[in-house]
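Engineer: Pasting a structure here, questions to come.
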Amino acid sequence: MKSVMIGLGLVIAFSATALASMPDGDDGLVRVKSAHDVSMTANKLVGLLESKGMTVFNRVKHSESAKKVDVVLRPTELVIFGNPKVGSPLMACSQSVAIDLPQKALVMEDEKGEVWLLYNSPRYLASRHHIEGCDEVLSKVEGALANFAKGATQ
């Protein structure tokens, strides 16, 4: 009985750990709630990225573009960023991942007025592009993205 309980405990602990590290849902997106509005969250993200040597290629303010065609869109911004030191090793693992690079972060206000920062889960990209044997690279990318998201949203 004791070994069954220990085994059950290990299964529950493993399951909780696995779920905590998975993206929200099956769409491959990691969602982090922000304590700031969309503009401030995006500003913080850009500042943090640049301070860490990342290149910010573009910042697309979708809601502003929507106004030009008379479409009402809640605040929505896309930040496109990257660094060859980070992306190139990932592409060396599977060249097709280049379709998803440079990295993107979407900052948006939902229908409840809550602000979220979303980005592609590196593990989802690994699955999508059949990346194997590159766990160290994936872990580095995963950690960096989580840190950027945390810094921008708190």
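Engineer: Looking at S63, S88, can you tell me which residue is more than 21 Å from G151 (Cβ to Cβ), out of contact with any strand residue (DSSP E or B) (no Cβ under 9 Å at 6 or more places or on another chain) and in a helix (DSSP H, G or I)?
Structural biologist: On the way: S63 fails: out of contact with any strand residue (DSSP E or B) (no Cβ under 9 Å at 6 or more places or on another chain).
Of S63, S88, the one residue that is more than 21 Å from G151 (Cβ to Cβ), out of contact with any strand residue (DSSP E or B) (no Cβ under 9 Å at 6 or more places or on another chain) and in a helix (DSSP H, G or I) is S88.
This table checks each residue for (1) modelled with pLDDT of 95 or more; (2) open to solvent by 40 Å² or more (accessible area, probe 1.4 Å).
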| residue | (1), (2) |
| --- | --- |
| R59 | yes, yes |
| V86 | no, yes |
| I99 | yes, yes |
| M108 | yes, yes |
| E111 | yes, yes |
| S121 | yes, no |
| L125 | yes, no |
| E132 | no, yes |
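Engineer: Looking at the range 113-154, which of the residues that are touching a helix residue (DSSP H, G or I) at 6+ places or on another chain (Cβ under 8 Å) and among the basic types (K, R) is farthest from Q95 (Cα to Cα)?
Structural biologist: The extreme case among them is K140.
Engineer: Considering only the range 110-135, state which residues are within 22 Å of G82 (Cβ to Cβ) and in a strand (DSSP E or B).
Structural biologist: Listed by number, the residues that qualify are W116, L117, L118, Y119, N120.
Engineer: On to the next question. Can you report the number of residues in the range 33-57 which are open to solvent by 50 Å² or more (accessible area, probe 1.4 Å) and of a type in the set (S, T, N, Q)?
Structural biologist: Total satisfying the criteria: 4.
The values are calculated or read from the model by the stated rules, or taken from the named source; none is laboratory data. No experiment lies behind these values; they were computed from the predicted model shown. Please note: Cβ atoms are built from the backbone with ideal geometry, for glycine as well, and neighbour counts cover all protein chains shown. The protein model used for the area step is the full one, side chains on, heavy atoms only, and it has no ligands, DNA or RNA in it. Shrake-Rupley method; radii C 1.70, N 1.55, O 1.52, S 1.80 Å.
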